[in-house]
Amino acid sequence: MDKQLKYSIIAGIFLLVGATYWYVYNYSYNIHAASYRTFVVNGEGKVNAIPNVFIFNVGLISEGTDLSNLQRENSEKMNKIINYFKNEGVESKDIETIQYNLSPKYDKDGKNIIGYRIEQTVSVKVRNLEKVSKLLKGAIENGANYVNNLNFTFDDEIKLKLENEAREKAIKEAKEKALAIAKSAGFKLGRLVTVYEFTPPFYEIPPVKSIGFGGEGGIRELPEPKVEPGSKEIKVQINLTYEIK
């Protein structure tokens with residue numbers, strides 16, 4: 001037999017085998033895909049709880065013409081504020097400096113520096129909610145001239161526990177919905193194919209936007225601001241994809 005003809009026959013056999021395999025593979029795949037029908041159900045779980053942590057920002061704005069003296073005076077005042085919090089039982093780990101800005105002040109022409117401004121802010125986390133009003137009042141009395149971003153929330157451990165509880169409710173609701181749909185539509189519920197979870201952002205709505213007093217001096221005896229934590233909602237949404245039998 002001619003060598004070239006022999007190679008042509010062998011090549012043809014390989015092509016035939018390859019084409020047969022490709023046909024069988026695609027046929028099997030299409031049969032499987034046709035039987036792999038799915039549907040999606042959703043569930044939502046909600047949990048309401050009273051927050052156990054209060055977070056707020058407290059700060060000091062200082063202005064002066066001598067930079068060295070201004071920095072020293074600002075540090076002394078801020079240290080007094082921080083020491084007040086510590087003396088009231090706030091731990092060092094719960095007091096964090098989140099801003100320190102030093103900027104020059106210019107004359108009307110914008111050419112010459114006539115002074116400086118320092119703005120320093122610390123974030124304070126309070127775990128004893130009974131002290132919230134006292135600490136807000138004490139911050140001002142000890143030299144702070146603005147308080148903002150008041151926020152009731154949960155510590156990590158409590159928040160995780162609440163999310164798990166909401167998640168269980170969401171999954172239970174989705175499963176019950178899937179069973180009801182399968183029964184009404186007349187098909188059997190197959191295996192669970194995918195699970196998708198969405199946890200909406202946990203927005204805090206503080207009862208007080210901010211507390212501030214302009215300038216220094218003239219600060220009279222202040223009443224303690226009444227601040228209530230209210231009830232916060234943790235929400236989890238679940239999508240379950242089931243196979244239809």
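General observations
- Meets criteria (modelled with pLDDT under 90 and buried (at least 16 other Cβ atoms within 10 Å of the Cβ)) for PHE56: no
- Segment 150-169 residues that are closer than 10 Å to VAL47 by Cβ and of a type in the set (Val, Ile, Thr), paired with ones that are open to solvent by 100 Å² or more (accessible area, probe 1.4 Å) and modelled with pLDDT of 95 or more (beta carbon under 9 Å, 6 or more apart): none
- Residues of segment 150-166 satisfying the condition of being closer than 19 Å to VAL122 by Cα and among the hydrophobic types (A, V, I, L, M, F, W, C): LEU150, PHE152
- Boolean, PRO200 is at pLDDT below 75, touching a strand residue (DSSP E or B) at 6+ places or on another chain (Cβ under 8 Å) and open to solvent by 50 Å² or more (accessible area, probe 1.4 Å): no
- Some residue of segment 151-173 being under 13 Å from VAL58 (Cβ atoms) and assigned to a strand (DSSP E or B): yes
- Scanning segment 76-130 for residues that are open to solvent by 80 Å² or more (accessible area, probe 1.4 Å), over 14 Å from LEU60 (Cβ atoms) and acidic (Asp, Glu) turns up GLU91, GLU96, ASP109, GLU130.
- Segment 47-76 residues that are of a type in the set (D, E, K, R), paired with ones that are assigned to a strand (DSSP E or B) and open to solvent by 10 Å² or more (accessible area, probe 1.4 Å) (beta carbon under 6 Å, 6 or more apart): GLU63/ARG117
- From the options ALA178, ALA144, residue that is open to solvent by less than 80 Å² (accessible area, probe 1.4 Å), assigned to a loop (DSSP other than H, G, I, E, B), at pLDDT 90 or above and on the phi < 0 side of the Ramachandran plot: ALA144
The values are calculated or read from the model by the stated rules, or taken from the named source; none is laboratory data. Since this is a predicted model, take the numbers as computed values, not measurements. Cβ: placed from backbone, ideal geometry, glycine included. Neighbour counts: every protein chain shown. The protein model used for the area step is the full one, side chains on, heavy atoms only, and it has no ligands, DNA or RNA in it. Shrake-Rupley method; radii C 1.70, N 1.55, O 1.52, S 1.80 Å.
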